[in-house]
1. Rounded to the nearest 500, what is the chain's calculated 222 nm mean residue ellipticity when only DSSP H runs of at least 4 contribute -39500 (n - 2.57) each, over all residues?
2. Taking the Cα centre of region 7-395 as the origin and placing charges on Cβ (Lys, Arg +1; Asp, Glu -1), which of Gly324, Ala21, Ser103 is farthest toward the positive end of the dipole?
3. Can you tell me the relative contact order of region 419-548? Whole percent, Cα pairs under 8 Å, sequence separation 6 or more.
4. Give me Met495, Met538, Met168 ranked fewest to most by other Cβ atoms within 10 Å of their Cβ, as a rough exposure proxy.
5. Could you tell me whether region 419-548 comes out rounded, prolate or oblate from its Cα gyration tensor? Rule is a ≥ b ≥ c as square roots of the eigenvalues, rounded for a/c under 1.5, then prolate if a/b exceeds b/c, otherwise oblate.
6. Neighbouring Cβ atoms within 10 Å as the yardstick, rank Arg207, Arg326 fewest first.
7. FRET efficiency for Glu360 and Asp537, Cβ-Cβ distance as r, R0 = 60 Å, nearest 0.05?
8. Using 7 Å Cα-to-Cβ label points, what is the Gln219/Asp141 separation (nm, one decimal)?
Amino acid sequence: MDVAFDHGGLFLSLATLLFFASLFGLIANWLKQPLIIAFIAVGILAGPGALNLFPDATSLSLLSEVGISILLFAVGLKLDLSVIRTMGPVALATGLGQVAFTSIFGFFICLGLGFEVQTSIYVAVALTFSSTIIIVKLLSDKKEIDALHGRIAVGFLIVQDILVVLAMIALSAMGAEGRVESSLELQAVFVIVKGVVFTAGVLAIGRWVLPWALQIIAQKPELLTLFAVCWAVIAAAVSDFLGLSQEVGAFIAGISMASSYFRESVASRLVSLRDFLLLFFFVHLGSGLDLSYLTSQIIPATILSFFVLVGNPLIVMVIMGFMGYRKRTGFLAGLTVAQISEFSFILAALGARIGHVSDETVGLITVVGLITIGLSTYLIIYSQPIYERLAPFLSIFERSQCDAEDKLANGGHSIQYSYLVLGTGRMGQQVIRCLEKNNETYLGVDFDPYVVGLLKKQSKPVIYGDLSDSELLSHLAHEDVKAVISTVPDAQHNMGLVKALKEAGFRGKIAITVAYPHQIEEFKKQGADEVFCPPIDMGIYAAERVLSQ
């Protein structure tokens, strides 16, 4: 069944696509599955083998490419190398060790299944990477993102993110060989030179131009989001023009903005846009799959999926056990690599685009992704009862003395603030002075880039953020925060803040500032522990001082 491909038909196709994406998304949510699986299924339904909603896939392809650029930009933006340093050698050891193990053994498994060498390389590399988006989401939902195994998992996921970008650069160089008639060595040198010049140029802009531009643009939050998307897409386009691939350019653009104190705000605002645009990537991926390939790849996909589901966690447990971590920490961290990543699909698509692998190989990697993502989600959700059943058999992965875990668990926490101060104006700065006087650690968040800049020059721990961005504030209010203090008397935003913190399970105190006395009881009913009303509080304070004399 084909939908007429004119302007009205295209709009109807898009509406139909979004309807099925929403429907399949609800089903996936009910089954406790990531939306990636639902979107790929929608792509198969929308593809030429079923509804054929987009006979000309140009528009779908463009949206998918923008989605990938935003994803890589967000990864670069959130690239926090301090997490790796905080975790010590365990992040590098587990990250590099798991990648090496999976790629080497995966390569030989693929050869044993009868694949060609180049195809085996692609499939093996695709099996090595785990989904940062899925893992962080699942760990956050379980309140385990700040647990020891959660922090270790985030550390080696960052290592994987760096490696996947390096793999994309290498594949781009290999793909460039067919575009320019020269030796592979000369072509590789040419690509490396272009990459170095491009990276240096982007980072130079990030160092000397972006801070000045962001200071002006951030006065209008909508422009901040637009500028971030613009910067990501421009860098991706220039990188693609130079033969380095769009993904690499977007990633480097994200790194160029990662040192800015606007990065948390930009990253949180891009989440919804990223997820929406990635819908089109996975739909486009699913629509390009030949169902006959899927059925013919069931046996090799099952073997490779078993290897990922069992082999990846085992190597992580072996490495962590050798380094002095307990079997529970190794097991829970190991489960996070029991699936392949959205980057595996991107690598497969890149390989098909430059002619290295066939559509059949893309289909194989997609089937492995569907199987491993689907099953590993349940493994992570029910990790604790699974561990309790397997614990007696896991002692072989534990040394007699777990000194590394004890040291890291006690002193290596990467988040170093106990109070979150929202609004660093006159009242907020008084709160900060009081916290400093009492030797308390804090993080300030303010909407005014000028104020943030001034406090940054004073070496104050302050970042740019919007009180209306409840997702950002819920993320910042981690389990070690004793209290969230809002000094901004905005009733609507403060109400959203209290609601978001309660829904996120925040256990610390919530202190809110209001402008009018009648709002005090209203906020206390909603769950605020302390409610300040400056006119009343100042009046009481003035009267007490006068009466005490």
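Read-outs throughout are calculated quantities, based only on the coordinates presented, and are distinct from any laboratory measurement. These numbers come from a predicted model, not from an experiment. Every residue, glycine as well, gets a Cβ built from its backbone with ideal geometry; the counts of neighbours run over all protein chains shown.
1. Theoretical 222 nm ellipticity from helices: -22500 deg cm²/dmol.
2. It is Gly324.
3. Reported relative contact order: 20 percent.
4. Ascending number of Cβ neighbours within 10 Å: Met538, Met495, Met168.
5. Verdict is oblate for region 419-548.
6. Ordered from fewest to most neighbouring Cβ atoms within 10 Å, Arg207, Arg326 come out as Arg207, Arg326.
7. With a Förster radius of 60 Å, E is 0.30.
8. For the pair Gln219/Asp141, the computed spacing is 4.2 nm.
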